[in-house]
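Report on the following structure.
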Amino acid sequence: QVQLVESGGGLVQPGGSLRLSCAASGISFNIYTMGWYRQAPGKRRELVAAISSLGSTNYVDSVKGRFTISTDVAKNTVYLQMNSLKSEDTAVYYCDAQFGIKHYWGQGTEVTVSS
């Protein structure tokens, strides 16, 4: 059974940093692609960052150079380090595990960047 539990969201000032965590169970990182998505009110869900089973990473252009996705295999945890945060980063952030066309989602953690 797959379970993803996000944590680390909160209120942060523009220019600040935040580290999101996704504790995963029932997931093998050598099989699944792990990702972070975000969704703001009235906006479509957007892929922010992903890391493949081979360790390659991808980022949406708007966060390149500011966000870093990583995994800790021993802890079965995925992280999203967010630096130089902007008001445009305000959203609910979701952890995702993908195998083929199947996606497993966490419940999300809210990030609010004040303006």
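Just so you know, all these numbers are worked out from the coordinates, no wet-lab data involved. The shown structure was predicted, so the numbers you read here are calculated from the model rather than taken from an experiment. Here Cβ is always computed from backbone atoms with ideal geometry, including for glycine, and neighbour counts include all displayed protein chains.
Per-structure values
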{"read-out": "Listed residues I101, I51, I31, most fluctuating in the chain (Gaussian network, C-alpha, under 10 Å)", "value": "I101"}
{"read-out": "For the chain, size of Cβ-based charge dipole, Lys and Arg +1, Asp and Glu -1, in debye", "value": "100 debye"}
{"read-out": "DSSP beta bridges in the chain [antiparallel fraction, %, rounded to 5]", "value": "95 percent"}
{"read-out": "Relative contact order %, the chain, counting alpha carbon pairs below 8 Å whose residues are six or more apart", "value": "37 percent"}
{"read-out": "Of G100, G65, G55, the one that fluctuates the most in a GNM where the chain has Cα springs shorter than 10 Å", "value": "G100"}
{"read-out": "Residues listed by number, region 35-54, amide nitrogen under 11 Å from V2 label point at 7 Å toward C-beta", "value": "35"}
